[in-house]
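Let me begin by presenting the structure, written as structure tokens, before commenting on it.
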Amino acid sequence: MVRMSAEERRESVIRAAVTEFARAGYQGTSTEAIARRVGVSQPYLFRLFPNKEAIFLAASERCLSDTRRVFEEASDGLAGEEALAAMGAAYQRLIADDPDKLLMQMQMYVAVAAAEAAGDHAFGERVRAGWVALWDAVHAPLGADVGETTTFLAYGMLINVLVSMGFPPGHRLWSGLHGPKSTCPEGE
């Protein structure tokens, strides 16, 4: 059996954390569940990350950076409507192929809102920084147009909510989505 390096284990923990947090949220996920999914002990987990919050933030950052990379790769060499359509289609594939990415996003928003409500503003700073980088990745290919960027991300958030709540593609709530066909879910 080949032994993993600490960095490879760290990557395994982040992937496992995305899955666990996506399904049970910050409060509902134990570090024991993450360690079990990876196949390590909790003490080893805490050699890689100082605490549960650090694991959650690493998982959040990974989710946002993966999404940002999808947008950057999809829009590479494109601009305007072509970039919009390519990024929309790429995001659609991302959440269809890896639903945990979508659920993790939703859990990030809940966790940050709960921390903010409790007066912990530092918790959300790193997540917000990742969101700003995501905004910037979309903004440039859309011609640095604030309105286009806002609209694209607003539609994305609506899609997140509809998919998260299980509305099937043919449901009437999807009918309000317009624009390039590629930004709408399959069957739209």
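The values are calculated or read from the model by the stated rules, or taken from the named source; none is laboratory data. On a predicted model such as this, the values are computed, not experimentally measured, just so you know. With ideal geometry, Cβ positions are generated from the backbone for all residues, glycine too; neighbour counts draw on all protein chains shown. SASA here: full protein model, heavy atoms, side chains in, ligands and nucleic acids out. Shrake-Rupley method; radii C 1.70, N 1.55, O 1.52, S 1.80 Å.
What the table below lists for this structure:
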{"quantity": "Every pair of residues 6+ apart whose Cβ atoms lie under 7 Å, when the first sits in the range 1-27 and is within 13 Å of Asp100 (Cβ to Cβ) while the second is assigned to a helix (DSSP H, G or I) and open to solvent by 80 Å² or more (accessible area, probe 1.4 Å)", "calculated": "Ala16/Arg37; Thr19/Arg37; Glu20/Arg37; Gly25/Val110"}
{"quantity": "Any hit, the range 167-177, residues being modelled with pLDDT of 90 or more, within 20 Å of Ala96 (Cα to Cα) and open to solvent by less than 60 Å² (accessible area, probe 1.4 Å)", "calculated": "no"}
{"quantity": "Matching entry among Glu32, Glu20 (being at pLDDT 95 or above, touching a helix residue (DSSP H, G or I) at 6+ places or on another chain (Cβ under 8 Å) and surrounded by fewer than 17 Cβ atoms within 10 Å (Cβ to Cβ))", "calculated": "Glu32"}
{"quantity": "Lone qualifier among Ala96, Ala129, Ala85, Ala113 - being small (Gly, Ala, Ser), part of a helix (DSSP H, G or I) and in contact with a helix residue (DSSP H, G or I) (Cβ under 6 Å, 6 or more places away or on another chain)", "calculated": "Ala85"}
{"quantity": "Test set (1) open to solvent by 20 Å² or more (accessible area, probe 1.4 Å); (2) out of contact with any Leu (no Cβ under 6 Å at 6 or more places or on another chain); (3) not aromatic (Phe, Trp, Tyr) - Glu148 fails condition number", "calculated": "(2)"}
{"quantity": "Within the range 47-61, considering residues that are part of a helix (DSSP H, G or I) and open to solvent by 60 Å² or more (accessible area, probe 1.4 Å), the one nearest to Arg10 (Cα to Cα)", "calculated": "Arg47"}
{"quantity": "Matching residues in the range 112-130 - criterion: being open to solvent by less than 70 Å² (accessible area, probe 1.4 Å) and not small (Gly, Ala, Ser)", "calculated": "Val112, Glu116, Asp120, Phe123, Val127"}
{"quantity": "Qualifying position, being in contact (Cβ under 8 Å) with a residue 24 or more places away in the chain, among the hydrophobic types (A, V, I, L, M, F, W, C) and under 23 Å from Phe21 (Cα atoms), among Met104, Met165", "calculated": "Met104"}
